[in-house]
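Read the structure below first, then the notes.
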Amino acid sequence: MHFDSLSGLWFGLSLPAIVLMYLFKRKYIDTPVSSHMLWNRVLKDMEANRPWQKLRNRLLMLVQLLAAALLVLSIMQPWVWANRSAKAHVVVVLDRSASMTANISAAEGEPLSRLERAKREIGDWARGEGKNSAITLVTMGGQADVLLSRETDSAKLLETLSQIQPDYGKTSYKEAMSLAAALTRNDPESEVRLFTDGQFAESVAGLAFAVPVSVHRTAGSETKADGNVSIAQFGVKTDRQASGGSAVTAVATVKNWGETVREVDAALYAGAALSEVKTIRVEPGKTVSVYFEHAANADWYKLDIGTDDTLLADNVMYAFPEGERPRNVLLVGEGNLFLEKALQLAGAEVAKLAPDGVEAFMRSMKPDREPDLIAVDSVADGALTSELWRKWMATRPVLFIRSGYAGEETPVPAGPLTIEEHPVTRYLQLQDTHVASALRPTGLTWGKPVVSAKDVPLLYAGSENGQPRLLVAFSLQQSDFPLRTEFPVFVQNALAWLTAANGGSLGRAIAGEHKEIAMSAGSASAEWVSVHGESAAMKAEMQEGRLSAVQTIPVVPGLYRLEEKDEGSRVVQSRWLAVTADSRESGNAAAELDFKQAVGEQSAGMNAGQDDGQAQSVPINDTNAAHYELWRWLVLLVLAVVIWEWGVYRRGTAG
């Protein structure tokens, strides 16, 4: 039994008060006697005046004590848990986040994920308690989806449940619960039932419901994520050696979310080949770093900590080496020794080309020498207007140095420069750098100034048709910038930013999220190809007949290859992408939702009967039970006892 108002215990002081009244009560009866037995009776009366002897055979006192005790209990508002009967309309919210893929053991011993167990529980509930209810089915994923609306056919519900798959991306918890609140706001004969493991990666505090809400925690789910070990971080670094080779070092951090010590075998793969296996010991709640040195060169690397785990989605992670190959830079113009040496110092292989030699260059170009970046230095405005140049520059990043645009030459005022935060301007201060004049370009729509001298922009950065662009608005020959120690830093930053998306890899992304990707202008179609068969090939998104610059990442974690093809189905470009589950789903205590605190602790049934059209904070139960209030029955029982007391008093059995 539970009580909503323990302050009612103060009224329990009335019970000893009643007893004291009978203890201090003295009562004598005048009775004529005709024998010496009178003294025996006097002795008995003396015994009766002893305090505890007065309480014997006091039926009226016992009845009064019983009435007072029942009144005290009713003031404390007692209640008990009772089986809840389903409402006429039930909004069932199913959590299908990545943490719901954790495996648990069914009663019959077969491995079963939390999601599959939750779907079974919904089906059992719908065939039993909810068989007479209209069911609206809402799922928690990247967005809140209403799969069924007021459905009464349990067979259709089961069919829909069987088709629900887990969502490994960022889950919209609050959006789904807000939708459930909206679906029941004007329907007093409805309720919300949430089926989840209770591990929410975001807070839903502040929500209000007008109907009862119950939480069905999936059987077998653990609040401490016992047994789960996850890869927190994984990266690969390539260091070039003086001998011309390279040394590859991989480093990873592994976290134990459970409460017992775990030993895991961390296996590093260089491409498809197993490189090294290390056994690591991880204390409960701790993170351990593991290093792999002298790994083989590969396009991608994989770290696998095995399958002896509850949650498999965070046991594998992919990484790509930084600068896995030198960037090919095509330097167009008469040549600039400072720029050429700075590019080579940044690890680029430079090929010089006159503006009118593009056709001969393309005929003799080897496939592995195709430029990743075009740097145009002080080239006349009309020298790059041919169809071939336009096609090339539309499909590649371009660094313009006082080239590409007409405009007005403007003197650069002396004084400190204004530097905006941008990847190209990292570690740059540019103090005491002198520039004679700068071009104010006309027709430049893709960029914004990132370096300015008062109101004269010196450096523009932006993107055009998905390709990065960088414009140095002044001639290097009319500045002392190439002589400054910051010039190689600027060239390194520019090369890294401009070629970040060219070939190689697209890095790492969370499943199902949207990512801006620069597509080749010669690509007519593209698709995501799963390297290890995690999922079927997925077509890239199109917009107005062209490949969209913003793509939806595949929804299943794994290693993917984005293959772009031209109209003849020939591969134009192929890049790697590592897709991971939302790392927040691996956690537990800090991210786990306390439903009662999120919505507000209220007394049992406080607003269950209200129908004023306003959302109220109502109790949230972690079981399928409801509050059954007992105080009304106690009040009726008190009335019955009072009537009994009157009967005892009238019969003169007060004692």
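The values are calculated or read from the model by the stated rules, or taken from the named source; none is laboratory data. Values in this document were obtained by computation on a predicted structure and should not be read as measured data. Reconstructed Cβ throughout: ideal geometry from the backbone, glycine too, with neighbour counts over all protein chains shown. Quick note on the areas: whole protein, heavy atoms, side chains included, nothing else; ligands and nucleic acids left out. Shrake-Rupley method; radii C 1.70, N 1.55, O 1.52, S 1.80 Å.
Below is a table of values for the structure above.
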{"read-out": "Rounded percent of accessible protein surface that carbon and sulfur make up, the range 231-350, 1.4 Å probe", "value": "48 percent"}
{"read-out": "Per-selection metrics, the range 388-497 (Cα): Rg and Dmax in Å", "value": "13.5, 42"}
{"read-out": "Tail weight of P(r) past 23 Å, computed on alpha-carbon pairs of the range 472-575, percent", "value": "41 percent"}
{"read-out": "Long-range amide H partners of A524 with built H, under 5 Å", "value": "K565, D566, E567"}
{"read-out": "Kirkwood Rh and Cα Rg combined as Rg over Rh, evaluated for the range 331-398", "value": "0.94"}
{"read-out": "The range 101-171 versus the range 470-496: alpha-carbon centroid distance in Å", "value": "59 Å"}
{"read-out": "FRET E, pair T152, E370, Förster distance 56 Å, beta-carbon r, rounded to 0.05", "value": "0.35"}
{"read-out": "Computed label-point distance, nm, for sites S386 and T253 using a 7 Å Cα→Cβ extension", "value": "5.3 nm"}
{"read-out": "Most to least packed among 348-356, 227-235, 406-414 [average Cβ atoms within 10 Å]", "value": "227-235, 348-356, 406-414"}
{"read-out": "Cα pair distances exceeding 19 angstrom across the range 286-361, given as percent", "value": "61 percent"}
{"read-out": "Length added when fully stretched, S535-E464, from 0.36 nm per residue minus Cα-Cα", "value": "22.3 nm"}
{"read-out": "Contact order normalised by residue count of the range 101-176, Cα under 8 Å, 6+ apart, percent", "value": "27 percent"}
{"read-out": "Stokes-Einstein D for the range 380-447, Kirkwood Rh over Cα pairs, 25 °C, 0.890 mPa s (µm²/s)", "value": "167 µm²/s"}
{"read-out": "Under-5 Å amide H pairs with L331, H placed in peptide plane, nonlocal only", "value": "A351, K352, L353, A375"}
{"read-out": "Computed E for E293/D356 - FRET, C-beta separation, R0 60 angstrom, nearest 0.05", "value": "0.75"}
{"read-out": "Gain upon complete extension [Q233, E283; 0.36 nm per residue less C-alpha separation]", "value": "16.3 nm"}
{"read-out": "Charge tally in the Cβ shell below 11 Å around L115, where Lys, Arg are +1 and Asp, Glu are -1, L115 excluded", "value": "0"}
{"read-out": "Taking only Cα atoms of the range 122-273, radius of gyration then Dmax in Å", "value": "22.7, 78"}
{"read-out": "For the range 320-446: span of alpha carbons on each principal axis (Å, largest first)", "value": "48, 38, 28"}
{"read-out": "Per-pair calculated FRET efficiency, R0 = 45 Å: T160 and E421 via Cβ, rounded to 0.05", "value": "0.40"}
{"read-out": "Integer Hz, Karplus 6.51/-1.76/1.60 couplings in order for the range 120-131, x for Gly and Pro", "value": "5, 5, 5, x, 5, 5, 5, 6, x, 4, x, 5"}
{"read-out": "Extension gain (nm, one decimal) between E409 and H434, 0.36 nm per residue minus Cα-Cα", "value": "7.4 nm"}
{"read-out": "Point-to-point label distance, L636-R363, nm (Cα→Cβ direction, 7 Å offset)", "value": "10.4 nm"}
{"read-out": "For S463, distant residues with modelled amide H under 5 Å away", "value": "R469"}
{"read-out": "Accessible surface, 1.4 Å probe, highest first, among residues R193, R561, R390", "value": "R390, R561, R193"}
{"read-out": "Where only C-alpha atoms are counted, convex hull volume of the range 411-475 per residue in Å³", "value": "87 Å³"}
